[in-house]
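Structure first, commentary second.
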RNA sequence: GCGACCGUCGCCAAGUGGUAAGGCAGAAGAUUGUGGCUCUUCUAUACGUGGGUUCGAUUCCCAUCGGUCGCCCCA
């Protein structure tokens, strides 16, 4: 019988790795909360229609990467491939626009895309994202980007690049698209095959083709930046100015386009050189047309999403110290073992982290495990201690040992706390 | 979806067409209530799975599943 294994492109996150997840989540919560963003949780599956309309039917994500299936009521459902569409749907459905000016929201959760897995890319992956709904102010664009860089910096990630561009409004893009097609059509035979296909389907995406010959041809192609209307141009400059004021460094990349149809004006990506082909760690932009496209009121919006697996891939290049166990409790003998269980529970209620050895094996073996557990203090309960209701405190760092009445230990818990904290600080200078 | 490489114990890893080294981790003991060192012993009827070739395959071939890298695309 062959054991069942996790499906392709999915994986288990085991206890040894979870510390990175908890760290990312804790840092994200802190940063988003202090910027007055509020968490929203939306369903993992939605009507297929939502994504087709929201993301764009011609995009790769929708046309070939969605997990779409029929439920028992013959409804077409899709596991969400990204977070924005669901958030916007909820925003409209619950009339959040009526709650005041801009809604600042964030989310965190699994997304699903049917793709060939490779490093930094899975079929079930996790994103953390923010959306500001209801503000057209360029400061919203700048704020959202600054929060992203703040998050990444606080996580300790270095050598990241912020690429930034404006793709204008719909009219700007329409004009530019035409100009680009006009320019490229004579060269059609010389473009790589994918780009030839994109010439009719999605010409803007030719801009970030990795084919050298295509890139050569693009050298003298018209630039998006020359097709921005005066208003779009002004807005682009304002956001740049604000980013500079905030001390956020960026690089303008006129070739930066995004794969989802809903973007307007500001688009950006934050990339790392340490991730191989999947370099983008955070990406987003403005999407002024999406809310109305999905049946809501005309609502300007801006946001981004970041791939948690990719963040963690980068974080793991620098080790993170684990949360230390306070106490390892060893015991031997019927009465002692029963007391030990109770003592462990009491100490936990006093907020110590306590691991109880359940093996019942020789003390020597139990000490060995105590040592490896990373605990700073070992409590020992044997027949002698059980008889007198005392407990031996053995400080694993120094080997010093003392006997204390169990009742006293509990009564003076704050002193114990102080001493444990001091020991832990001494052995772990880095946090 | 396309191309390439890879798949031997929980982890790392050697190896050969003739029947599976080693290291780490784990368990037991040296040490009947005191750890981090040391020593001893144990831990793969089996080399992702299924077929085929062969007297015989973990080693060759095919398929399949999975991983990695690149393309596509994206977080």
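Data table
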quantity: Among residues of the range A:264-288, those that are modelled with pLDDT of 90 or more and not in a strand (DSSP E or B), counted; calculated: 2
quantity: Test: residue A:272 is in contact (Cβ under 8 Å) with a residue 60 or more places away in the chain, within 20 Å of residue A:87 (Cβ to Cβ) and within 17 Å of the chain's Cα centre (by Cα); calculated: no
quantity: Pick from the range A:153-178, criterion assigned to a helix (DSSP H, G or I) and within 31 Å of the chain's Cα centre (by Cα), ranking: surrounded by the most Cβ atoms within 10 Å (Cβ to Cβ); calculated: A:173
quantity: Selected residue (criterion: nearest to RNA strand B (Cβ to nearest atom)) from residues of the range A:9-35 that are surrounded by fewer than 11 Cβ atoms within 10 Å (Cβ to Cβ) and not in a helix (DSSP H, G or I); calculated: A:14
quantity: Residue in the range A:41-82 that is farthest from RNA strand B (Cβ to nearest atom), counting only those that are part of a loop (DSSP other than H, G, I, E, B) and more than 19 Å from residue A:125 (Cβ to Cβ); calculated: A:73
quantity: Flag for residue A:258 being farther than 30 Å from residue A:397 by Cβ, touching a residue at least 12 places away in the same chain (Cβ under 8 Å), within 16 Å of RNA strand B (Cβ to nearest atom) and assigned to a loop (DSSP other than H, G, I, E, B); calculated: yes
quantity: Boolean, residue A:86 is assigned by TED's automatic domain parsing to the domain that holds residue A:147, within 14 Å of RNA strand B (Cβ to nearest atom) and assigned to a helix (DSSP H, G or I); calculated: yes
quantity: Residue that is farthest from residue A:308 (Cα to Cα), among those in the range A:112-133 that are part of a strand (DSSP E or B) and near RNA strand B (Cβ under 7 Å from one of its atoms); calculated: A:118
quantity: Listing of helices (runs of 4 or more DSSP H) fully contained in the range A:310-426 that carry 3 or more residues being surrounded by fewer than 17 Cβ atoms within 10 Å (Cβ to Cβ) and away from RNA strand B (no atom under 15 Å from the Cβ); calculated: A:334-349, A:406-411
quantity: Single match in A:53, A:41 (criterion: within 16 Å of the chain's Cα centre (by Cα) and over 30 Å from residue A:324 (Cα atoms)); calculated: A:41
quantity: Residue match in the range A:246-254 (condition: farther than 30 Å from residue A:95 by Cα, part of a helix (DSSP H, G or I) and away from RNA strand B (no atom under 15 Å from the Cβ)); calculated: yes
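The values are calculated or read from the model by the stated rules, or taken from the named source; none is laboratory data. Predicted model only: the values in this text are computed from it and were never measured. With ideal geometry, Cβ positions are generated from the backbone for all residues, glycine too; neighbour counts draw on all protein chains shown.
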